[in-house]
1. Go through the stretch 31-48 and count every residue that is surrounded by fewer than 13 Cβ atoms within 10 Å (Cβ to Cβ) and either hydroxyl-bearing (Ser, Thr, Tyr) or touching a strand residue (DSSP E or B) at 6+ places or on another chain (Cβ under 6 Å) (or both).
2. Only one of these is modelled with pLDDT under 95 and either within 12 Å of the chain's Cα centre (by Cα) or of a type in the set (S, T, N, Q) (or both): Val78, Val116. Name it.
3. Check Leu54 against each of (1) farther than 19 Å from His106 by Cα; (2) surrounded by fewer than 14 Cβ atoms within 10 Å (Cβ to Cβ) and name the one condition it does not meet.
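The values are calculated or read from the model by the stated rules, or taken from the named source; none is laboratory data. This structure is a prediction, so every number in the text was calculated from the model and none was measured. FYI the Cβ positions are ideal-geometry reconstructions off the backbone, even for glycines, and counts take in every protein chain you see.
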Amino acid sequence: MTTARSVPSQITKQLSNWNRCFWIWNGLHYLLGLYATVGAVFIASQKTLEHTWLGISVAVATAALTFFKASAKANAYVAAWRYLNAERICFELNSNYPEEKLCEAHKKGEEIIGKVD
């Protein structure tokens with residue numbers, strides 16, 4: 001059995017950063033979406049117009065959900081992470097895998113993320 005090669009620290013840090021960004025954008029997407037949905041249902045169920053502040057905040061949450069494109073950004077970060085992580089595993093397990101190919105995988109991951117920004 002071969003011993004895994006040490007992955008350059010820049011790659012492991014970037015994987016960690018992309019994973020964190022995925023969770024932040026994904027969490028923001030679901031948080032805003034849930035708030036907008038529950039708030040809209042609550043407002044629709046009321047017979048009075050006493051909750052003006054809630055209506056405004058639901059509108060802001062809905063606009064933010066659209067403006068930030070949180071779902072698309074989360075998907076881009078996780079796609080980049082998956083691509084680079086697969087290449088990282090190949091690098092670790094194959095002693096003939098060149099470091100330059102790992103750098104190219106990093107660039108490709110950045111391009112995946114950049115298409116959404």
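1. Step one: list which residues in the stretch 31-48 are surrounded by fewer than 13 Cβ atoms within 10 Å (Cβ to Cβ), which gives 34, 38, 41, 44-48.
Filter again for either hydroxyl-bearing (Ser, Thr, Tyr) or touching a strand residue (DSSP E or B) at 6+ places or on another chain (Cβ under 6 Å) (or both), leaving 45, 48.
Residues that pass the stated criteria total 2.
2. Numbers: Val78 fails: modelled with pLDDT under 95.
After ruling out the rest, the residue left standing is Val116.
3. It is condition (2) that Leu54 fails.
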